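The values are calculated or read from the model by the stated rules, or taken from the named source; none is laboratory data. Just so it is clear, the model here is predicted, and its values are computed rather than measured. FYI the Cβ positions are ideal-geometry reconstructions off the backbone, even for glycines, and counts take in every protein chain you see. Side chains included, ligands, DNA and RNA excluded: accessible areas come from the protein's heavy atoms. Shrake-Rupley method; radii C 1.70, N 1.55, O 1.52, S 1.80 Å.
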Amino acid sequence: MKERKAPLYDRLIQHQKEEPISFHVPGHKFGDIFPAEGKETFQHILSIDATEVEGLDDLHAAEEVIKEAQYLASRFFGAEDTYFLVNGSTSGNIAAILAVCRPGDEVLVQRNCHKSVLHGLELAGAKPVFFTPEYETRTHRYSLIHKELIDEALEQYPNTVAVILTYPDYFGRAYPIKEVVQAIHHHGLPVIVDEAHGVHFSLGSPFPVSSLNADADLVIQSAHKTAPAMTMASYLHRKGSRIDTSRLAYYLQMLQSSSPSYPLMASLDLARLFLSTFTESDKESLLSYITAVREAFKETDYLYEVLAVDEMDDPLKITLKAKEGYTGFQIAEQLESAGIYPELATSSQVLLVAGLIPNLEIETLKKRLRGVNWRLKSCGEHGTIKIEILNYPKVQSLAVSYQEMQQETPEFVNWSHAVGRICAESVIPYPPGIPLIVKGERMTEEQVRSVQALNKQGASFHNTAIKQGTWVF
Ligand SMILES: Cc1ncc(COP(=O)(O)O)c(C=O)c1O
């Protein structure tokens, strides 16, 4: 039997048992000082909410117990270094990009990336060249990437210094990552993989191949998304010799708190322990649980279809596709009214994410699903609004560089005046946080129509002014 070792968590518990007298921050003094209203709920976690005192190491100069915990994580995931992140994959993506790209560098970027990737590119002053995955009718999304696509883009842009991939997509769609990474390495370039949704891929089949297994250079994973880690807890892994590790460490300490949360870091230590002790029999019971969840949803498929999962994809993700005349938003709303909360809805789909261990009685789920009043909200007027499939160019650079945009002052215009103008603030439905229009590109008529239709259907955007118009140069 494998040793169940979580050095950082164990050390925090030991520290707590020693009944330390705290004359240091944080001010709650291990939970002694806390509002009565929240004390009971917070107490346990506050008892390990320590700071960098003797014996507890320091994330930004790890030499002891954090170093050991990160080392165990690197061994499990197959990296040469693993860095604990306390500000999500958001900080990992930005740090990775700053470590690799210098101002003016051309970088090849998968178009359907998370906004943190765009923010990293902007901060680095890089010149993104976007490539669009192929549209797949089985997923109804731009989700397929293959080696030829990368080769074509790199031939077109021979000065590219790095490639940034998103693998898998939010819906768990994977692609032949080994071939793609090999092709990038063949061009002598480092590859950064935003694997925010794939921390569990290191468990092996039936999950997709992990990008560390495919020898990607930097891999960022939100441990909190599919492993049992606290929200914001993430990993950044490095492999191979293409990355300047001192630049990476420099940006990580710049972008993260100088008081990183010990509960978050301990949860990363424990998430690694959980994954490393996951057994074949755990996988079997998980798969039968997922099958049962899918069947339960199929029993009430009046407004949606439960999409089949390709064997290459992540089985944790279950996608409901809205039937003609309905939207994903409507379906999500109906589920929520019965206390069933999906991960996200788009105009045509609803995404459900299962955990790695069955945590729900299927009968309870069925009862809730039967309680949904599917007929009542049939075919609202918004369900009939068609969202067209946008035609993104295969490979495209920005119309205006980040440096040029910095010299300009944006103005706000109504959507009716937006076509042909340069987008000054990416238009990002949230979730999933993937830009529909990116800052620096010239807005097309179909993009504008699409945002207006999404607005009518009730999509949420981080920028609430999106209902009226947008910022342009
Ligand atoms: C593809 C992708 N990358 C990065 C992130 C950011 O991750 P985090 O929430 O851990 O900062 C997200 C969040 O949803 C995401 O979907």
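A compact table of results
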read-out: Equivalent ellipsoid dimensions for the range 398-472 as semi-axes, Å, which come from the Cα gyration tensor, largest first; value: 20, 13, 11
read-out: Computed label-point distance, nm, for sites residue 257 and residue 178 using a 7 Å Cα→Cβ extension; value: 4.1 nm
read-out: Average projected area [Cα convex hull, the range 273-409], square nanometres; value: 13.6 nm²
read-out: Where a label projected 7 Å from the Cα of residue 60 along Cα→Cβ would reach, residues of the range 230-246 with amide N under 17 Å; value: 246
read-out: DSSP beta bridges in the range 7-276 [antiparallel fraction, %, rounded to 5]; value: 45 percent
read-out: Where only alpha carbons of the range 336-473 are counted, the Rg and the Dmax (Å); value: 19.0, 60
read-out: Approximate shape of the range 18-111 as ellipsoid semi-axes (Cα gyration tensor, √5λ), whole Å, largest first; value: 35, 18, 13
read-out: Share of alpha-carbon pairs per 10 Å distance bin for the chain, given as whole %; value: 4, 19, 27, 27, 18, 6, 0
read-out: Where Rh is the Kirkwood radius over Cα pairs, Rg/Rh for the range 58-168; value: 1.05
read-out: Simple spin-label estimate for residue 33 and residue 311 in nanometres, 7 Å along Cα-Cβ; value: 6.1 nm
read-out: The chain: calculated mean residue ellipticity at 222 nm from DSSP helix runs of at least 4, using -39500 (n - 2.57); value: -10500 deg cm²/dmol
read-out: Size of electric dipole in the chain: Cβ of Lys, Arg +1 and of Asp, Glu -1, about Cα centre, debye, nearest 20; value: 1020 debye
read-out: Theoretical FRET efficiency, 1/(1+(r/R0)^6), r = Cβ-Cβ of residue 244 and residue 152, R0 22 Å, to 0.05; value: 0.15
read-out: For the range 217-226, 3J(HN,Hα) per residue [Karplus equation, 6.51 cos²θ - 1.76 cosθ + 1.60, θ = phi - 60°, Hz, x = Gly/Pro]; value: 7, 10, 10, 10, 10, 7, 4, 6, 6, 10
read-out: Residue 359/residue 337 FRET efficiency (R0 25 Å; Cβ-Cβ; nearest 0.05); value: 0.70
read-out: Accessible area of the chain belonging to carbon and sulfur atoms, whole % at 1.4 Å probe; value: 51 percent
read-out: Placed amide H near residue 461: partners under 5 Å, 5+ positions off or other chain; value: 430
read-out: Beta bridges per DSSP with both ends in the chain, % antiparallel, nearest 5; value: 70 percent
read-out: Summed residue charge, Cβ within 11 Å of residue 259's Cβ, Lys/Arg positive, Asp/Glu negative; value: -3
read-out: For the range 309-317, 3J(HN,Hα) per residue [Karplus equation, 6.51 cos²θ - 1.76 cosθ + 1.60, θ = phi - 60°, Hz, x = Gly/Pro]; value: 9, 5, 5, 7, 8, 7, x, 5, 9
read-out: For the range 7-276, alpha-carbon Rg relative to the globular expectation (2.2 N^0.38 Å, N residues); value: 1.07
read-out: Sequence ranges 114-124, 241-251, ranked by mean other-Cβ count within 10 angstrom, highest first; value: 114-124, 241-251
read-out: Over 27 Å (Cα to Cα) - which of 115/323; 225/321; 5/317; 178/283; 115/366 fall in this group; value: 115/323; 5/317; 115/366
read-out: Per-residue ³J(HN,Hα) for the range 333-342, Karplus 6.51 cos²θ - 1.76 cosθ + 1.60, θ = phi - 60°, Hz, x for Gly and Pro; value: 4, 5, 5, 5, 5, 9, x, 10, 10, x
read-out: Percent of beta bridges antiparallel (DSSP, the range 68-156, rounded to nearest 5); value: 40 percent
read-out: Probe 1.4 Å, protein heavy atoms only - accessible area per residue of the chain in square angstrom; value: 45 Å²
read-out: Relative packing of peptides 45-56, 160-171, 214-225 - highest average C-beta neighbours within 10 Å first; value: 214-225, 160-171, 45-56
